[in-house]
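Remarks on the structure that follows.
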Amino acid sequence: MSAQAYRLPQGGRIDRTRPLAIRFDGETYEGYAGDTVASTLLANGVHLMGRSFKYHRPRGLLSVGTDEPNALLSVDRGPGRVDPNNRAGAVEAVDGLVTGSQNRWPSLGFDIGAVNDLLSPVLVAGFYYKTFMWPRSFWDKVYEPIIRAAAGLGVAPEGPDPDRYAHRHAHCDVLIVGAGPAGLAAALAAAGSGKRVMLADEQAEPGGALLHDPRATIDGLPAQDWVAQTLAALDGHENVVILPRTTAFGYYNHNHVALVERVSDHLPLDQARDLPRERLWQVRAGEVVLATGSHERPLVFADNDRPGIMLAEGLRVLVNRYGVAPGRQVAIATVGSSAYTAAADLAAAGIRVTIVDVRLAGDCAADVAFAAQHGIEVLAGHTVVGSKGRLRVSGLVVAPLRADGSVGARRTLPCDCVGMSGRWTPAVHLFSQSRGKLAFDAERDAFLPGTHAQAERSAGACAGDYDLAACLDAGFAAGAAAAGVSEARTFQASPTRTGFQPMRVLPTDADPGRVRAFVDFQNDVTAKDLKLAVREGFHAIEHVKRYTTTGMATDQGKTSNMNALGYVAGLLDKELPTVGTTTFRPPYTPVSFGALVGPSKGALFDPVRRTPIDPWAEAHGAVFEPVSLWRRAWYFPKAGEDMHAAVARECAAVRDGVGIFDASTLGKIEVVGPDAAEFLNRMYVNGWSKLAPGKCRYGLMLKEDGFILDDGVVARLAEDRFHVTTTTGGAPRVLALMEDYLQTEWPDLDVFLTSVTEQWAVIALQGPRARDVLAPFVSDIDLGNEALPHMSVREGFVCGVPARLMRVSFTGELGYEVNVPADYGRAVWEALWEAGRELGITPYGTETMHVLRAEKGFIIVGQETDGTVTPDDVGLGGMVSKVKPDFVGKRSLARPDLVAGGRKQLVGLETEDPHERLDEGAQIVLDPSAPVPVPMLGHVTSSYFSPACGRTIALALVADGHARMGETIHVTTMAGFARATIRDTVFVDAEGVRVHARDS
Amino acid sequence: MLEIRNRATRAAPFPLAAETIGGVTIAPSPPRTRLSLRLRPLAAAGIGSVAGLVLDGPIGSTSECDGRRALRLGPDEWLLVADADEGDELAARVIGALAGTVHALVDVGHRSCGLLVSGAGAATALSAGCPLDLAPEAFPVGRATRTVLAKTEILLSHLDADTFEVECWRSYADYVRGFLLEAARGL
């Protein structure tokens, strides 16, 4: 076939001076700038573009727009840039673009899967539910793998997407969706107000239906000249932003509308790389004008899905906008007037056209006269009963309708293309998403916007106005009202052919149970399937939809929903609105994951919080672990060390010498005010009134339910000032909980809370030599044991910078936590480390910290606790104040189930084999040979090798654990069970003398 | 006596170099004194101003005096900003002025760091992650507010026509800077 054999010699909005070539299924096809992939293929006579989802029937383009159900292509823009399920009419042709058909093997012309078409008598609606019930054992091994292999459209890309995607928030006074005649008129009206106006349209250029209408005139100008003039006028307004290639796909509360802009897919492949591929807009609009147009409905007749059978308006677009002849001999079947305009345009382009009008001659006399003027033959009062052809339509089978409604003798109209027009469906998707209520309009046989829920108005075809002048007038009025201007304007425009006769499924002489007349093309749902669903008792449209899958494909039934609904209503003999309409949900058209993800990938996937000392740790070989959003040094392996060896060395250094640890991530809250102590009394289980300034105390905090929420050391700096620390992960929720109580329960307390987590870098020096390392850097604080005993705090200077120096320990050793302003953190750390080297100072990470505290039986919130653990459960019942009148969680601690026996309590475990390290989370049973289900006593919460003990140690929550000291229990392992003995939780220095570092 | 070699020096939380992409320049602000002042609204209205800084302006407003600024972030919250070496003096003046009034003054000078975002596309770059309306009519020069930028909380101030300051907690600085650079590339 010669190149572009179906390109018309003139016309269209393509640029014939800029040729291009694309590839489809390995062949090269030529086209021009301004073409879409669909128009390029059709210019070259290629109608077969895909295989249907279920029956693998050959399919071609149905629509030229985003409502396309059939021609879904895989588009390849280079490595990693493969994107399935693109609608052929919505992809702009770019030189070198590689495209391919889907859902076929081995080739589009010969597809093995088409065997399903022969099996169609058994592959009816509900087939899966009925067939794969039995035998049950077949489900996992046979049915599900087969269904999964057959399911899905297209192939998901496997490599990472190298493209960039941008996000943008925007605000405007008036957002107009759709730049057809109504949208442009709305923008004209709003522009003069000076208010901020945004006009978004999904197509490559604004103009909508006017772009393919060479006949229409507006105010005496050809419509396309009017579009150009209007765009020039809008360009002159700085307050107007026009976004082509931008689809409004989601309409949320408070006029929050999400749009996706295709930024660079239309650019030459080598130019597009620096730009984002797509941009997700989130627009907050004061007022929204919806001018989203309408979709043409197909006609439902036998074999209405052959390649070459398209929507009539789509033929008109091909001829007028792209200069493409969709065929040489075209039959147009219709129930309405608009198809006559399409026929006239095709005839004007030299294409032979015959019209088959289902309406009786007396009902379409004006249209027939119009056709006669253009030399077009009309078969009025004829129905369509079938089509001929295989990979391309070759004939349309029609028959006259007799006065009694019966069908007369068949005849075949030879043709290579069919246009069908089953009237129009207003695109009310966004209106429905805005939670507006739809109202059925019998005259237009369509749902129209009814009750509004948001500051929004619909204008033009999406509101049921199909006449051009009415669209313009309504659009202008909507724009003016949205912008709050009183200007009124009417437009003079050429008349539009409107009017139709509702027809659900075309009358036929065939057994309706044997023919396949497609309603939903993308999911292969036929009129027969709908009938079966109704017969089997599915009478609500939402049930019919799920049983047959009609309207549930990626096109969300844009071309099929009204036909399905009308047909089901007819079968049930109900008024259409009483059957209901389906709910429209975002997105209006499919949106790429890339657009939703935007820049949140790689380093920007999530913030990674680093401490001021993190760069030092990295330079010294630390291995890191994530702790909430922080990354923390986990351990510091030396050359040749594994984690076990490194942690053992770090632990020994702290017990025998001195270790240095970055504790900067601890949550910190400065609690200030005359009622600060009272506030803490109410938040913590223990008391604070008697804590003297300069002293520290360990605090335990519950939720209202009596379970442990958080813990940490609190330092009293002054009568009215506390430095509260929280766990690393708990910092935000503790502050939020405190603020919540302060603002809602105790607004009378004079207390203010300020997060100072990031104000202070915290350097922990732990071990018998800790004081020796610290002393040279402290000039104004007496570090002596008497002057600064365990659990004290002083404000002074360390390394010459203001510091809060706490003598505290999470290791059981002599320890300090040096708080210095964060910008000084690294310098102070380095100074201490340098000075400590002669004492063998050892940096240690979170793993060693965990081992050291477990040896002392100190809990970690979130490890020993899981939101169901009380203070008594972890052996901290003694901390709970019995004299305070109230504190958060106090009342719950008296709940019967919290004081009853049998609660899981924290104990230590020692395995029989001292080298067996239990799994954290492993279940504990008393007797592994007990009959299944074996009663479970509890689980392991922490488990480590303890260098100080020379063996493994574990902590566990065990039912009645405190009363089981010395008992032997069994712990699940990967291999079976391990025997272990229950003991107390303190494995090292049970007397607790080391932390006080008294001179012996 | 502390030896001089043991005195620590201050380090910024991220690289100090400014970067310009797509006409948007992203540069670190110098270290500053930052004091969080908490005060009951009625008390603030009664006192009117401290250290020359007006306290009873509307939420979101900025008061300036001798290079110091007070940003009113909420009904009972102000951020006082001054040069890095003015911290003690400013704190002393505030404490003096508020003697006898219940308040909290907390040093947060190291908690956050600032980025100056400037250029014709500054507001648009910020709009990649900030849902606020940043048009001059809606967010005029002098306005400051706590808001979000993508996945982080920030304090956003409009300094002059094409310059905004973004303050974030220091551990988020790398993320904020990276996000803004990426946003500037996507304009």
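Can you compute 3J(HN,Hα) from phi for each residue in the range A:654-662, using the Karplus curve 6.51 cos²θ - 1.76 cosθ + 1.60 with θ = phi - 60°, rounded to whole Hz and x for Gly and Pro?
6, 5, 9, x, 7, x, 10, 9, 8
Would you mind giving the mean number of other chain beta-carbons within 10 Å of the Cβ of each residue in B:174-180, as a whole number? Provide the component values of the computation, followed by the final result.
Numbers: counts 6, 9, 1, 0, 5, 6, 0.
Going residue by residue through B:174-180 and averaging, the value is 4.
Give the average, rounded to an integer, of partner chain Cβ atoms located within 10 angstrom of each Cβ in A:824-835.
Details: counts 6, 6, 5, 6, 3, 1, 1, 4, 1, 0, 2, 2.
The shielding value for this peptide is 3.
Between residue A:377 and residue A:225, how high is the FRET efficiency from 1/(1 + (r/R0)^6) when r is the Cβ-Cβ distance and R₀ = 22 Å? Nearest 0.05. Before the final figure, lay out each step's value.
On the way: r = 33 Å, r/R0 = 1.51.
Calculated transfer efficiency: 0.10.
Gain in length, residue A:652 to residue A:926, computed as 0.36 nm per residue apart minus the alpha-carbon separation, to one decimal in nm?
On the way: separation 274, 0.36 × 274 = 98.64 nm, distance 3.47 nm.
Using 0.36 nm per residue and subtracting the Cα-Cα distance, I get 95.2 nm.
Sort the following peptides by mean Cβ neighbour count (other Cβ atoms within 10 Å, averaged over residues), highest first: A:380-391, A:926-937, A:816-827. Let's see the in-between values first.
On the way: A:380-391: 20.5, A:926-937: 11.5, A:816-827: 25.7.
Averaged packing, sorted descending, gives the order A:816-827, A:380-391, A:926-937.
Got a sec to turn the phi values of the range B:86-96 into Karplus ³J(HN,Hα) couplings, 6.51 cos²θ - 1.76 cosθ + 1.60 with θ = phi - 60°, whole Hz, x for Gly and Pro?
Each residue's phi maps through the Karplus curve to give 9, x, 4, 5, 5, 4, 4, 5, 5, 4, x Hz.
For a 32 Å ceiling on Cα separation, which of these pairs sit above it: A:690/A:856; A:195/A:601; A:668/A:890; A:668/A:884; A:437/A:574?
A:195/A:601
Using a basic spin-label model with each label point 7 Å from the Cα along Cα→Cβ, how many nm lie between residue B:61 and residue A:934?
7.2 nm
Percent relative contact order of the range B:32-107, based on C-alpha pairs within less than 8 angstrom and at least six residues apart?
Values: 139 pairs, mean separation 31.4, N = 76.
For the range B:32-107, the relative contact order is 41 percent.
Taking Cα atoms of chain A, Rg/Rh with Kirkwood Rh, to two decimals? List each step's numbers first, then the result.
Values: Rg = 37.9 Å, Rh = 34.1 Å.
Using Cα coordinates only, the ratio equals 1.11.
Full extension from residue A:600 to residue A:733: what is 0.36 nm times the residue separation minus their Cα-Cα distance, to one decimal in nm?
Details: separation 133, 0.36 × 133 = 47.88 nm, distance 2.43 nm.
Extending this stretch completely gives an extra 45.4 nm.
If you fit an axis through the alpha-carbon atoms of helix A:468-483 and take the longest principal axis of the Cα set of chain A, what angle between them do you get, 0 to 90°, nearest 10?
In chain A, helix A:468-483 runs at an angle near 30 degrees to the longest axis.
Which entries in the list A:545/B:151; A:528/A:558; A:54/A:531; A:141/A:545 go over 27 Å, if you measure between the two C-alpha atoms of each?
On the way: A:545/B:151 39 Å; A:528/A:558 20 Å; A:54/A:531 18 Å; A:141/A:545 29 Å.
Exceeds cut-off: A:545/B:151; A:141/A:545.
Where does the charge balance sit around residue A:748 when Lys and Arg score +1, Asp and Glu -1, over other residues with C-beta under 11 Å from its C-beta? Could you put the intermediate results ahead of the total?
On the way: positive: none; negative: A:675, A:678, A:745, A:750.
Residues close to residue A:748 contribute a combined charge of -4.
Ranked by Cβ crowding within 10 angstrom, fewest neighbours first, how are A:760, A:746, A:226 ordered? Write out the running numbers ahead of the final one.
Values: A:760 28, A:746 14, A:226 23.
Lowest to highest Cβ neighbour count: A:746, A:226, A:760.
How many nm separate the modelled label positions at residue A:204 and residue B:161, each set 7 Å beyond the Cα in the direction of the Cβ?
3.8 nm
Which FRET efficiency value, to the nearest 0.05, do you get for residue A:542 and residue A:510 by plugging their Cβ-Cβ distance into 1/(1 + (r/R0)^6) with R0 = 35 Å?
Values: r = 30 Å, r/R0 = 0.87.
It comes to 0.70.
In nm, to one decimal, how far is the residue A:837 label point from the residue A:744 one, both placed 7 Å along Cα→Cβ?
About 5.5 nm, to one decimal.
What FRET efficiency, computed as 1/(1 + (r/R0)^6) with R0 = 60 Å and r the Cβ-Cβ distance, is obtained for residue A:266 and residue B:45, rounded to the nearest 0.05? Mind showing how you got there, number by number?
Numbers: r = 58 Å, r/R0 = 0.97.
E between residue A:266 and residue B:45, to the nearest 0.05, is 0.55.
Normalised by the residues of the range A:693-829, what does the relative contact order come to in percent, with Cα pairs under 8 Å and at least six apart? Numbers along the way, then the final one.
Details: 222 pairs, mean separation 29.8, N = 137.
RCO, the range A:693-829: 22 percent.
Give me A:643, A:503, A:879, A:310 ranked fewest to most by other Cβ atoms within 10 Å of their Cβ, as a rough exposure proxy.
Details: A:643 13, A:503 21, A:879 17, A:310 30.
Taking fewest neighbouring Cβ atoms as first place, the list is A:643, A:879, A:503, A:310.
In the neighborhood of residue A:266, defined by Cβ-to-Cβ distances under 12 Å, what is the net charge if each Lys or Arg adds +1 and each Asp or Glu adds -1?
On the way: positive: A:77, A:245, A:262, A:277; negative: A:35, A:92, A:95, A:205, A:261, A:265, A:278.
In short, -3.
Between residue A:709 and residues 5 or more places away or on another chain, which pairs have amide H atoms under 5 Å apart, with H built 1.01 Å from N, and which residues are they?
HN-HN under 5 Å from residue A:709: A:701, A:702, A:703.
Sum up the charges of everything whose Cβ sits under 14 Å from the Cβ of residue A:375, counting Lys and Arg as +1 and Asp and Glu as -1, but leave residue A:375 out. It would help to have the intermediate numbers written out before the result.
Values: positive: A:352; negative: A:345, A:377.
Summing Lys/Arg as +1 and Asp/Glu as -1 gives -1.
Out of residues 5 or more away from residue B:187 or on other chains, whose amide H comes under 5 Å of its own, with H placed 1.01 Å from N in the peptide plane?
Amide H neighbours of residue B:187: none.
How far, in nm, would the chain grow between residue A:642 and residue A:23 when pulled straight, counting 0.36 nm per residue and subtracting the alpha carbon separation?
Working: separation 619, 0.36 × 619 = 222.84 nm, distance 5.43 nm.
Net length gain for the segment: 217.4 nm.
In the range A:708-750, which residues have a backbone nitrogen under 18 Å from the label point lying 7 Å from residue B:95's Cα in the Cα-to-Cβ direction?
The answer is A:716-723.
Counting only residues 5 or more places away or on other chains, whose amide H sits under 5 Å from the amide H of residue A:842 once H atoms are built in the peptide plane?
Residues meeting the criterion, in which the H sits 1.01 Å from N, are A:658, A:659, A:660.
Please list 3J(HN,Hα) in residue order for the range A:392-402, calculated via the Karplus relation 6.51 cos²θ - 1.76 cosθ + 1.60 where θ = phi - 60°; whole Hz, with x for glycine and proline.
7, 5, 10, x, 10, 8, 10, 7, x, 9, 7
Determine the shielding of peptide B:98-106 by partner chains: average, over its residues, the number of Cβ atoms on other chains within 10 angstrom of each Cβ.
Working: counts 0, 0, 0, 0, 8, 4, 12, 4, 11.
Partner-chain Cβ atoms within 10 Å, mean over residues of B:98-106: 4.
Can you compute the helix-only [θ] at 222 nm over chain A? Use -39500 (n - 2.57) per DSSP H run of at least 4 residues, normalise by all residues, nearest 500 deg cm²/dmol. Working shown, then result.
Working: 24 runs with 210 residues, N = 1000.
One gets -6000 deg cm²/dmol as the mean residue ellipticity at 222 nm.
Values in this text are rule-based calculations from the coordinates and carry no lab data. Keep in mind that what you see is a predicted model, and the values were worked out from it rather than measured. Positions of Cβ are backbone-derived with ideal geometry, glycine not excepted, and every protein chain shown enters the neighbour counts.
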